[in-house]
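The values are calculated or read from the model by the stated rules, or taken from the named source; none is laboratory data. Note that the structure is predicted; figures quoted are calculated from it, not measured. Neighbour counts are summed over all protein chains in view; Cβ atoms, including those assigned to glycine, are modelled from backbone coordinates with ideal geometry.
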Amino acid sequence: MRRKLELYIHIPFCAKKCDYCDFLSGPAAVSAQQRYVEQLIEEIACQSAHYPEYQVPSVYLGGGTPSLLGAKEICQIMEQVKSVFDLEEGAEVTIEANPGTVTMEKLKAWKESGINRISIGLQSADDVELKNLGRIHTYDEFLKTYQRVRQAGFGNVNIDLMSALPGQTLSSWRSTLKKVGRLKPEHISAYSLAIEEGTPFYQQYHGHPELLPDEDEEREMYYATKQILHDMGFSRYEISNYAKAGRECRHNIGYWTGTEYLGLGLGSSSYIRGIRFHNEEDLGKYCRIRMKEDSDDRLHQGHLRLTDKEKMEEFMFLGLRMMRGVSGSEFLKRFGVNMWNVYGDVLTKLMENHLIEADSPFVRLTDFGIDISNYVLSEFLL
Amino acid sequence: MPSVDQNKIRNFCIIAHIDHGKSTLADRIIEMTGLLTSREMQSQVLDNMDLERERGITIKAQTVRIIYKARDGEEYIFNLIDTPGHVDFNYEVSRSLAACDGAILVVDAAQGIEAQTLANVYLALDHDLDVFPVINKIDLPSAEPDRVAAEIEDVIGLEAHDAPRISAKAGINIEEVLESVVKKIPAPQGDPNAPLKALIFDSLYDSYKGVIVFCRIKEGTVRKGTVIQMMATGAQEEVVEVGYFGPGQFIPCEELSAGMVGYITASIKNVKDTAVGDTITDKNNPCDQPLPGYKKVTSMVYCGLYPADGAKYNDLRDALEKLQLNDASLFFEPETSVALGFGFRCGFLGLLHLEIIEERLEREYNLDLVTTAPGVVYRIHKKNGEMMELTNPSNLPDPAEIEYMEEPIVSAEIMVTTEFVGAIMTLCQERRGVYLGMEYIETTRALLKYELPLNEIIYDFFDALKSRSRGYASFDYEIKGYERSELVKLDILINKEEIDALSFIVHGSSAYERGRKMCEKLKEEIPRHLFEIPIQAAVGGKIIARETVKAMRKDVLAKCYGGDITRKKKLLEKQKEGKKRMRQVGSVEIPQKAFMSVLKLDEG
């Protein structure tokens, strides 16, 4: 079997930056977007030359708002990917889309280009909550987008939701979950809002926990998510991800299980041949790189070759995010040592505190372990 | 060197309130007399230690000999003895003054007389020094030299109408100061042929020469080969070398005779044998009376010092030993704490001295320290008639055995503008001060006199004073003695376990308040655990305050962006790093800085 390489393609543009967002993205003129896409296409061609032995099982167009780009630009990117990489038969190809930026014309073009999964950023079914987040759309506008996506024939759709929002209550969250569940998407991501430094939300809410649901409420929301979605046929396969059987996001599972991936576009991260690095994060500088002539050092930065110790740490703290947990036999196969020899003390301590449970060969988080996963996962740093 | 004409010697010091420009003036004087070019001078030559330079205070006495060619055409020898500038080192200051014949009083032309100005002037006058004032910082826009001159005459009674008006910083009128030294400071007296009588005013340890004793020869002569004897400590040695102080170096000479200031080395191995204030005499031709004023220096403030990393215990001991070579007033002995492991109980002259030692240990010896709350020395009178001095609260005997306790009291003088008198009086009252009286210095400023318990001022009194007077109050104190007091030991229990390193002695009336604040502070400092942690304050087994650290409920990592695993790992590492700075006590992990939290009980 050939080695697998997932592709992440970053589109750093959006119509308007949301107030909570600290991702590398922002509004830009159409001309700048076009210049970026040209550069990206060149990067894809140049980079592919380094990885002839790999086959690509998944492509993820993330952002930003990739759906903001015109149909033509997305098609150019996809054509380039298909012509220079060996895209596996039946590969998962996802695009992130936001309500208000998705036309039937774009959907048809995407489908044609091989995109087969759409991830829609909704966040909430409550218009006041949407406004508080600085989103540009209403719930109705989302519904129109969703129907359009289905009409265009997309059979694999994710909807992104967020809990613990300012002004959100347990009952409004339950209602969001039910409304969205009834639409029968294949996948739902439900994250708790994190207040990140450098965002308008940070200025507004940092140091003001009284303006946000408290942690008991937040945990209630989390438990409700699992319950409601479970009742509607979604199972939780990762701390914050739910899917119908067989519809788990393969691309993300790759991140959590140590699959190699190549980031393309501004600031994107890569993990290949045991090395982590990321792309140039300054848009101006990125666009000035001469992809063919310049050394890769202008594009790729922060190289970090993982030691076996670090690979073990990542295996544990990433793998445990998944509900099935980490497998002791997989650990042995990868590292040639027994997981219990390396982590025996930690595993025993965490088990005594009911934070993890063993189900040989797997070890997984308990519900309490999920609540304080940050604490539990940090124990696996050697 | 031929014997020196006493009439051409001037031994003097500079006294001032902190920040009024003492060290800057010293620099200018050295520069003017041509010993160093200004480029050679790393600003403020006399303050040798980095710490002194950074904090702008003088910790150790420094001395320099300079030659000045006066307007009368004669060359004079100036011995400038720079004195420590902080109340912690009051005794050292008094010994340095005793080595002088006169003093320059520096007063800031904008701020005028401050508490330390007065304290220092009185101290100088007590030692029969001739004091003349100079008015500094005349180049400041807010300078009012006329007003300040009048203030000096009214308040201190020193003639000031002809006081040199200078700017040490800008180098204005420095020569006038030097001329005044010649004219206004008397030449030393003393008979070079009388039995040797020399005052030790400082000493330092040198790994080649042993202890170098700084002294002022009052009577007689000392030279290489003289067998000297310290009259208080009894130590005897043969003199190896005598000499005087060049800037930054020791210059050997033939002999030191009455009136001169210089150094003696005699293969002395321990600074403890050369106590500041002791009298040196000639063993074979001793003087009959030592010089007056010798006191054995005692530590006023104690705290526990522990290495953050238990394995560094020996390093800490070595470092303390090295510091002690140069600092006889630093005391330490091993102690053990249940919470902190092996460490040392250390005694200091005051809180500044403590901070300096702590900083030097951390900087110069690269040690990470955990410090327990500083406390004073209490006297415990037991029912069986015994008296013990308590330096560590954990050693307090069973209350049933105690007849009564005493605590040290200081006499304090606080100078403040009249608008803040009320606020400062309230502060002193809160700190159990006894009002002694108030004098108006001018219509707008008053000098408040209080007696205060030392344990009320060692923590944050100075900060509180500054904040309640918008920075205008100045403060000076001296130890008065011990007084009986209703004291209790306040214990802190974390998860029902008494933490010995957090116990402290407090007056009964403030136990509840302090206990409550301690619990609140610790609640902030102690991270949440998997279980609930009660934090309690107790006096004599009775709980007087309680807070609870709730059990960990939620700690979830945010979404990872693309494949940005590095960022996620950094978050986890931060969490893990936090755990390393903890002390495990029972099942609870306590951050090291929590042990110092008692110091930061804000007054609010």
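Scanning the range A:358-374 for residues that are surrounded by 15 or more Cβ atoms within 10 Å (Cβ to Cβ), touching a residue at least 12 places away in the same chain (Cβ under 8 Å) and not hydrophobic (A, V, I, L, M, F, W, C) turns up A:Arg364, A:Thr366, A:Gly369, A:Asp371, A:Ser373.
Residues in the range B:121-146 that are assigned to a helix (DSSP H, G or I) and either in contact with a helix residue (DSSP H, G or I) (Cβ under 9 Å, 6 or more places away or on another chain) or closer than 17 Å to B:Arg95 by Cβ (or both): B:Val121, B:Tyr122, B:Leu123, B:Ala124, B:Leu125, B:Asp126. Scanning the range A:14-25 for residues that are of a type in the set (Asp, Glu), under 25 Å from A:Ser83 (Cα atoms) and more than 14 Å from chain B (Cβ to nearest Cβ) turns up nothing.
Could you go through the range A:184-191 and let me know if any residue there is among the small types (Gly, Ala, Ser) and either under 18 Å from A:Arg247 (Cα atoms) or in the same structural domain as A:Phe368 (by TED's automatic domain parsing) (or both). Checking the range A:184-191: at least one residue is among the small types (Gly, Ala, Ser) and either under 18 Å from A:Arg247 (Cα atoms) or in the same structural domain as A:Phe368 (by TED's automatic domain parsing) (or both). Taking the range B:147-189 as the range and being part of a loop (DSSP other than H, G, I, E, B) and either over 23 Å from B:Cys100 (Cβ atoms) or not aliphatic (A, V, I, L, M) (or both) as the test, the residues that pass are B:Gly157, B:Glu159, B:His161, B:Asp162, B:Pro164, B:Lys169, B:Ala170, B:Gly171, B:Asn173, B:Pro186, B:Pro188, B:Gln189. Note on the range B:375-419: residues that are crowded, with 17+ Cβ neighbours inside 10 Å and closer than 30 Å to B:Ala473 by Cβ total 14.
Listed here are the residues, each with its yes/no results for (1) among the hydrophobic types (A, V, I, L, M, F, W, C); (2) buried (at least 20 other Cβ atoms within 10 Å of the Cβ); (3) away from chain B (no Cβ under 14 Å); (4) over 20 Å from B:Leu572 (Cβ atoms).
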{"residue": "A:Ser268", "(1), (2), (3), (4)": "no, yes, no, yes"}
{"residue": "A:Glu281", "(1), (2), (3), (4)": "no, no, no, yes"}
{"residue": "A:Ile289", "(1), (2), (3), (4)": "yes, no, yes, yes"}
{"residue": "A:Lys311", "(1), (2), (3), (4)": "no, no, no, no"}
{"residue": "A:Met316", "(1), (2), (3), (4)": "yes, yes, no, no"}
{"residue": "A:Gly319", "(1), (2), (3), (4)": "no, yes, no, no"}
{"residue": "A:Val326", "(1), (2), (3), (4)": "yes, yes, yes, no"}
{"residue": "A:Glu330", "(1), (2), (3), (4)": "no, no, yes, yes"}
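Considering only the range A:95-117, how many residues are among the hydrophobic types (A, V, I, L, M, F, W, C) and closer than 13 Å to A:Gly63 by Cα? Number of matching residues: 2. Note on the range B:230-253: residues that are at pLDDT 90 or above and closer than 25 Å to B:Pro186 by Cα amount to 4.
Only one entry of B:Leu256, B:Leu320, B:Leu340, B:Leu352 meets the criterion of being buried (at least 18 other Cβ atoms within 10 Å of the Cβ), out of contact with any Leu (no Cβ under 6 Å at 6 or more places or on another chain) and at pLDDT below 85, and that entry is B:Leu352.
Is at least one residue of the range B:191-202 over 29 Å from the mean Cα position of the chain (by Cα), surrounded by 17 or more Cβ atoms within 10 Å (Cβ to Cβ) and free of Cβ contacts under 8 Å to residues at least 60 places away in the same chain? There is no residue in the range B:191-202 that is over 29 Å from the mean Cα position of the chain (by Cα), surrounded by 17 or more Cβ atoms within 10 Å (Cβ to Cβ) and free of Cβ contacts under 8 Å to residues at least 60 places away in the same chain.
Residue count for the range B:432-450, restricted to those that are in contact with a strand residue (DSSP E or B) (Cβ under 9 Å, 6 or more places away or on another chain) and either under 23 Å from B:Leu354 (Cα atoms) or not in a strand (DSSP E or B) (or both): 3.
Of the residues screened, B:Glu359 is not one that is under 20 Å from the mean Cα position of the chain (by Cα), surrounded by fewer than 21 Cβ atoms within 10 Å (Cβ to Cβ), in a helix (DSSP H, G or I) and free of Cβ contacts under 8 Å to residues at least 12 places away in the same chain.
If the condition is being under 18 Å from A:Gly134 (Cβ atoms) and either assigned to a helix (DSSP H, G or I) or away from chain B (no Cβ under 11 Å) (or both), then the range A:186-199 contributes A:Glu197, A:Gly198, A:Thr199.
Take the conditions (1) within 12 Å of another protein chain (Cβ to nearest Cβ); (2) out of contact with any helix residue (DSSP H, G or I) (no Cβ under 6 Å at 6 or more places or on another chain); (3) closer than 16 Å to A:Leu318 by Cβ; A:Glu248 misses just one of them, which is (1). Residue count for the range A:264-284, restricted to those that are part of a loop (DSSP other than H, G, I, E, B) and polar (S, T, N, Q): 1.
The number of residues in the range B:310-341 being part of a strand (DSSP E or B) and either of a type in the set (D, E, K, R) or under 14 Å from B:Asp368 (Cα atoms) (or both) comes to 2.
Has the range B:410-431 got any residue that is closer than 25 Å to B:Leu502 by Cα, outside any loop (DSSP other than H, G, I, E, B) and touching a strand residue (DSSP E or B) at 6+ places or on another chain (Cβ under 7 Å)? No, there is no match, as no residue in the range B:410-431 is closer than 25 Å to B:Leu502 by Cα, outside any loop (DSSP other than H, G, I, E, B) and touching a strand residue (DSSP E or B) at 6+ places or on another chain (Cβ under 7 Å). One residue alone among A:Glu79, A:Glu6, A:Glu38, A:Glu42 is buried (at least 22 other Cβ atoms within 10 Å of the Cβ) and among the charged types (D, E, K, R), and that residue is A:Glu6.
Consider A:Leu183 carefully, then state whether it is in contact with a Pro (Cβ under 7 Å, 6 or more places away or on another chain) and more than 14 Å from every other protein chain (Cβ to nearest Cβ). Criteria not met by A:Leu183. Sort out which residues of the range A:291-309 are within 13 Å of chain B (Cβ to nearest Cβ) and either of a type in the set (Gly, Ala, Ser) or closer than 22 Å to A:Val56 by Cα (or both), and write them in order of number. Within the range A:291-309, A:Gly302 is the sole residue that qualifies.
Taking the listed residues A:Tyr261, A:Tyr202, the one that is within 11 Å of chain B (Cβ to nearest Cβ), among the aromatic types (Phe, Trp, Tyr) and not in a loop (DSSP other than H, G, I, E, B) is A:Tyr261, with no other qualifying. Considering the range A:340-382, and only residues there that are among the aliphatic types (A, V, I, L, M) and assigned to a helix (DSSP H, G or I), the residue that is nearest to the other protein chains (Cβ to nearest Cβ) turns out to be A:Leu377. Number of residues in the range B:442-473 that are within 22 Å of the chain's Cα centre (by Cα), hydroxyl-bearing (Ser, Thr, Tyr) and at pLDDT 80 or above equals 2. Taking strands (runs of 3 or more DSSP E) as the structural unit, those lying wholly within the range A:1-114 and holding at least 2 residues that are among the charged types (D, E, K, R) correspond to A:3-11, A:87-97. Residues considered: B:Ile268, B:Ile217. Of these, the only one that is of a type in the set (Val, Ile, Thr), in contact with a strand residue (DSSP E or B) (Cβ under 9 Å, 6 or more places away or on another chain) and at pLDDT below 90 is B:Ile268.
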